[in-house]
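**Q** One structure follows; several queries about it will come next.
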Amino acid sequence: MRGERGQALLIAALIIGIGALAIVGLRLAQDRVLASAETQSAGEAAVEAAAAAIADAYIAEIDSLRVHAFDVPRPTFDVAGMLAHPATLDAARAAASEAAARNGAVFDGLVKARCVGATIEIEISHAGRQHRAALPVDSCSRR
Amino acid sequence: MLVVAIAMVLVAELGIARLALQHATAEAARAGALTNDDEQIRGTLAATVAPLAPDRVTSAIDPSQAEPPRNGDPRGSLLTVRATYSLPVPLGFVGLPRFVVTASASRRIEWTP
């Protein structure tokens, strides 16, 4: 009788132990999934912020061209030059860092921007993942 | 053993709630960045918080639509959406504490007046 009770207790303890292990494993897996989702979200926020900052620079450049529209020679819009300008990239990087920080992440990478066809492509690398955003523009060539 | 089974279900539900709330706040903040409209933010949060019950989710938007810079030209500023969900607990009626899950997400506002 005592032996049977002892066996039952052992089995109960084993089942509870397996259950506790499953709970811990589940919790650890959840933490990893959530951390991954948060990293993804922070990266998306960062690239969107960088794209918005570049869009602002693009609009400012267009506004500046409008002011000098009647100058001789007529000013041209060098989109590639604007994208390569340190001030543009610094503004984009600062915007990306700020957005990432507010989402609990640290972004200290580079912002890459290039003009392809009629689209400005913005790319950042955050926590080993690539995040891209695109801005439609009139044209990449000088106008 | 019943307690262990209940705990496993609770932990699973907790994980789903954390993930769903994180996704919903990110979507809501994105909607806010594009529209600068608190109603749109709350509507997006309610629509994307599934499988959680939207009526159990409380939200806070920082800054609110009535505050600067959002009541002027907010483009370039940051908007944060916070959400809280209280997870229903089995045997909660006997006084067991509720689990509260929180999440937040921020986006740079792209909307222009």
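**Q** Let me confirm something: among B:ARG108, B:ARG75, B:ARG82, which residue is in contact (Cβ under 8 Å) with a residue 40 or more places away in the chain, among the basic types (Lys, Arg) and facing chain A (nearest Cβ under 10 Å)?
**A** Among B:ARG108, B:ARG75, B:ARG82, only B:ARG108 is in contact (Cβ under 8 Å) with a residue 40 or more places away in the chain, among the basic types (Lys, Arg) and facing chain A (nearest Cβ under 10 Å).
**Q** Next up: Among the residues of segment B:6-22, which ones are more than 7 Å from chain A (Cβ to nearest Cβ) and surrounded by fewer than 20 Cβ atoms within 10 Å (Cβ to Cβ)?
**A** Residues of segment B:6-22 that are more than 7 Å from chain A (Cβ to nearest Cβ), as a first pass: B:6, B:9-10, B:13-14, B:16-17, B:20-21.
Listed by number, the residues that qualify are B:ILE6, B:VAL9, B:LEU10, B:GLU13, B:LEU14, B:ILE16.
Conditions (1) in contact with a strand residue (DSSP E or B) (Cβ under 9 Å, 6 or more places away or on another chain); (2) under 30 Å from B:ARG82 (Cα atoms), marked per residue:
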{"position": "A:SER41", "(1), (2)": "yes, yes"}
{"position": "A:ASP71", "(1), (2)": "no, no"}
{"position": "A:SER97", "(1), (2)": "no, yes"}
{"position": "A:VAL111", "(1), (2)": "yes, yes"}
{"position": "A:ALA118", "(1), (2)": "yes, no"}
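**Q** So in segment A:37-57, with the set limited to residues that are free of Cβ contacts under 8 Å to residues at least 60 places away in the same chain and facing chain B (nearest Cβ under 10 Å), which one is farthest from the chain's Cα centre (by Cα)?
**A** The qualifying residue farthest from the chain's Cα centre (by Cα) is A:ASP56.
**Q** Does segment A:58-75 hold any residues that are without any contact (Cβ under 8 Å) to a residue 60 or more places away in the chain and either part of a helix (DSSP H, G or I) or on the phi > 0 side of the Ramachandran plot (or both), and which are they?
**A** Matches in segment A:58-75: A:ILE59, A:ALA60, A:GLU61, A:ILE62, A:ASP63, A:SER64, A:LEU65, A:ARG66, A:VAL67.
**Q** Which condition number does A:VAL67 fail, the rest of (1) among the hydrophobic types (A, V, I, L, M, F, W, C); (2) within 11 Å of chain B (Cβ to nearest Cβ); (3) within 29 Å of A:ARG114 (Cβ to Cβ) being met?
**A** Just one mismatch for A:VAL67, condition (2).
Quick note: the coordinates plus some simple rules give every number you see, no bench work behind them. Everything quoted here is computed from the prediction, not taken from an experiment. Using ideal geometry, Cβ is built from the backbone for each residue, glycine included, and neighbour counts are taken over all protein chains shown.
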